[in-house]
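Structure first, commentary second.
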Amino acid sequence: MRWGWGVTLTVCLLSRVGWYFLAQLIANKTGLNLPVSEAAADHWFTWALGALSVEAFFGQLRLPAWSRNAWLGGSLLALGIAMSLLLPSIHNLVLHDLVWLFLHPVWGTGFFVLVNRAILAEKTWSSKLSTPGIVRVLAIVGLISYSLYLTHELVIMQSWRFGTWVHFPLLNALIVIVPLTILAAFLFFLLFERPYIRKAVAKPAQPLPQPQPELFAQAVNQVEA
């Protein structure tokens with residue numbers, strides 16, 4: 001990479017801040033409210049972290065030890081949960097927006113660390129030819145992860161219909177919404193994704209072209225003529 005990952009991640013993070021202030025400026029000047037949280041620039045940092053993990057996986061670079069520390073990753077996710085729960089109750093606009101600006105980067109960095117840790121653990125399992133049972137179960141979710149990505153928002157948008165525990169939204173999300181999103185993704189996978197997945201068919205090896213001296217002799221004669 002021309003700039004290096006340090007500069008790239010800094011630019012991606014600053015783009016989130018810059019887009020926020022640009023949207024605020026446009027709203028103040030024109031009254032037009034841009035979709036700040038849905039904009040691509042808001043997520044460049046987390047996407048770049050994913051690309052960084054991919055390059056490390058293929059040996060293009062070596063990540064520092066802290067990027068594989070499970071305690072750090074878990075702590076960042078706990079911080080992200082706390083920020084998400086507290087955000088609706090913060091009435092100070094400046095503090096609210098400040099917490100929001102750092103919310104997705106905190107989540108992204110936490111998952112970045114845990115994914116790198118999981119990759120390291122996977123190498124250990126592969127060397128021992130033993131995979132934990134929980135990983136085999138979660139691998140099913142991994143198989144339908146793209147379908148889950150495509151359909152989860154549709155289920156979440158309708159989650160108000162399943163408000164069985166209106167006073168316990170977290171319980172409602174864990175017991176009702178999460179299973180429904182996985183079920184919807186599985187059905188989508190079976191109907192629309194799996195039919196287009198084809199196993200690679202081994203093609204017979206093509207014979208190597210055999211030398212043809214007569215063609216070579218003809219070419220030489222033409223040159224001499």
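The values are calculated or read from the model by the stated rules, or taken from the named source; none is laboratory data. Predicted model only: the values in this text are computed from it and were never measured. Counting neighbours? That spans all protein chains shown, and the Cβs are built from the backbone with ideal geometry, glycine included.
Worth pointing out:
- None of L13, L76, L63, L22 is at pLDDT below 95, within 24 Å of K123 (Cβ to Cβ) and surrounded by 13 or more Cβ atoms within 10 Å (Cβ to Cβ) except L63.
- Tally, over region 92-101, of residues that are in a helix (DSSP H, G or I) and either surrounded by fewer than 12 Cβ atoms within 10 Å (Cβ to Cβ) or out of contact with any Phe, Trp or Tyr (no Cβ under 9 Å at 6 or more places or on another chain) (or both): 6
- In region 114-129 there is no residue matching the filter, namely being among the aromatic types (F, W, Y), more than 19 Å from L14 (Cα to Cα), surrounded by fewer than 15 Cβ atoms within 10 Å (Cβ to Cβ) and touching a Leu at 6+ places or on another chain (Cβ under 9 Å).
This table checks each residue for (1) in a helix (DSSP H, G or I); (2) surrounded by fewer than 12 Cβ atoms within 10 Å (Cβ to Cβ); (3) touching a residue at least 24 places away in the same chain (Cβ under 8 Å).
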residue: A27; (1), (2), (3): yes, no, no
residue: N33; (1), (2), (3): no, yes, no
residue: W44; (1), (2), (3): yes, no, yes
residue: L72; (1), (2), (3): yes, no, yes
residue: L85; (1), (2), (3): yes, yes, no
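- Which listed residue, of G142, G74, G59, G110, is under 19 Å from L13 (Cβ atoms), within 20 Å of the chain's Cα centre (by Cα) and not basic (K, R): G110
- Qualifying residue in region 141-150 (condition: at pLDDT below 65 and not in a loop (DSSP other than H, G, I, E, B)): no
- The C-beta contact set for region 102-120 (first residue assigned to a helix (DSSP H, G or I), second residue among the aromatic types (F, W, Y) and buried (at least 19 other Cβ atoms within 10 Å of the Cβ), distance under 8 angstrom, 6+ apart or interchain) comprises H104/F45; P105/F45; G108/F45.
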